[in-house]
Structures are given as structure tokens and as C-alpha cells.
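Just so you know, all these numbers are worked out from the coordinates, no wet-lab data involved. Since the model is a prediction, treat every value here as computed from it, not as a measurement. Cβ placement follows ideal geometry from the backbone for every residue including glycine, while neighbour counts extend to all protein chains displayed.
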Amino acid sequence: MLSRMRELEAIDLRDRTDGTPHAKRLRQISPDTGKLLALLVASAPAGRCIEIGTSAGYSTLWLALACRATKRRLTTFDIDAAKVEIARATFAVSGVTDAIEQVHGDALAHLPDCRDDIAFCFLDAEKDLYQPAYDIVVPRMVPGGILVADNAISHEAQLRPMLDFALRDERMDSVLVPIGQGDLICRKK
């Protein structure tokens, strides 16, 4: 797993500097963000863990480690067929397929079918999906459940309406954390 993580980190660094078109980049989280996510999943209450935006599966590996340690599975959603295949290979070579349910499709179409047992949600997709995903996920979260939205600082201007909404949401305790590209961390009251 560590070898695949290093490989994905190198690809991500290259993508950011060699002119790879934005839509083709892996656009993954930093290792520090991965460690934070693993800690948060391990601390989340009992319930379902989901990830919206798999990409090549780098963040999924961090989440899967914590899910495996807490005897849970992670459901991860991505709409991009090419990235779904890269992620499938990542999971196979890393030996974590037993801890992951990979869904190729629009998370917004699948989330309404989720039971009201979401304990953890990592949101790292196209930024226009953040508010609708938040609106679907939060009512389905268990008390003490955690939602993390990545890129809250790097894409602050684009995410400002969603961030303001989440930071004022009476159902949640929320904070912006300056790690990686910045994360909004919300805990359901």
C-alpha cells in the first residue's frame, strides 16, 4: 500500500507541474490530510463511511485503513470511468478491496438511498456538488457523525456560500482547518 501511495503522490506532483489538463489530474489530498482523515474515521461513531470523489484512490487508502481498523467498509463514489479504473487497480495492488465498496456513478443519485446511518463522509469532488451533497448527507448522519469537505481554503471563493451555510448550520459544530488544501470539518450535534 505504501508503495502505491508513493507512486500516486509522484503522479499527482507531476500532474500539477507538467501541464496535465485539470480534469485529467489526480487532484489528491496531501499525506497530512490523509492522516487527519484516518484519525477522524477511527474516532467516528458506529455507522456507514462514505467518500464522494474517489479519483485514483489515494484518499480512499487512508480511509480504508481506518475503516479496516474499526471493522467497517467504505463506500466510495466517482463518476469518471477512467479514474474508477485507476482506483480499482489501486485497491487491488494495495490489498484493500475487502474494505471498499466502489460505486461508479453520480453520488447525488445514490445518496438519497442511503440509510440514516452515515458516521463519516469525505467530500472531495467537483465543487458545485458540495452543497447538494451536504444537503443530502447531513440529515442521514448519526449524532456525532463527521463530514469533511476538502479544498475549503484553496477553493474558498468558489465554496464560500456552502462554507457559510455549514459554519452557521445549527445541526453541526464546524471549523475550517488549515491542513493540506484546507478542510471544513463538521460534527453532527
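Hey, what number do you get for the chain at 222 nm if only DSSP H runs of n ≥ 4 count, each worth -39500 (n - 2.57), divided across all residues, to the nearest 500?
Rounded to the nearest 500, it is -13000 deg cm²/dmol.
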Practice problem: Considering only 78, 124, 32, give the residue with the highest GNM mean-square fluctuation for the chain, with springs between Cα atoms whenever their separation is below 10 Å. | Solution: 32
Quiz item: Most mobile of 69, 152, 99 per a Gaussian network model of the chain (Cα springs, under 10 Å)?
Solution: 69
Practice problem: Report the far tail of the P(r) of the range 49-189, meaning the percent of Cα-Cα pairs longer than 20 Å. | Solution: 44 percent
Self-check item: Max mean-square fluctuation residue, GNM over the chain, Cα-Cα springs under 10 Å, options 163, 129, 13
Solution: 13
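What translational D, rounded to a whole number of µm²/s, comes out for the range 88-162 from Stokes-Einstein when the hydrodynamic radius is the Kirkwood one over Cα pairs, at 37 °C and 0.692 mPa s? Display every interim value, and only then the final one.
Details: Rh = 13.9 Å.
Value of D from the Cα-based Kirkwood radius: 236 µm²/s.
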Practice problem: Tally the DSSP beta bridges in the chain and give the antiparallel ones as a percent, rounded to 5. | Solution: 35 percent
Quiz item: Along the charge dipole of the chain, which of 70, 129, 179 sits closest to the positive end, that is, farthest toward it, with unit charges on the beta carbon of Lys, Arg, Asp and Glu (+1, +1, -1, -1)?
Solution: 70
Quiz item: Points 7 angstrom from Cα along the Cβ direction at residue 42 and residue 109: gap in nanometres?
Solution: 3.7 nm
Self-check item: Zone of residue 32's modelled label, taken as backbone nitrogen in the range 153-169 under 20 Å from a point 7 Å along Cα→Cβ
Solution: 153-157
Practice problem: Scan the chain and note any complete DSSP helix (H) whose C-alpha atoms cover at least 15 Å along its axis and whose Kyte-Doolittle average is -0.5 or more. | Solution: 31-43, 58-69, 81-94, 156-168
Quiz prompt | Segment residue 25-residue 168, extension gain: residue separation times 0.36 nm, minus the distance between their alpha carbons | solution = 48.2 nm
Quiz item: Tell me, how many Å apart are the Cα centres for the range 23-66 and for the range 69-99?
Solution: 11 Å
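Enter the mean projected area of the convex hull around the alpha-carbon atoms of the range 1-132, in nm², rounded to one decimal.
Details: hull surface 30.9 nm².
Result: a mean projected hull area of 7.7 nm².
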Exercise. First select every other residue whose beta carbon is under 14 angstrom from the beta carbon of residue 181; then total the charges, Lys and Arg +1, Asp and Glu -1.
Key: -2
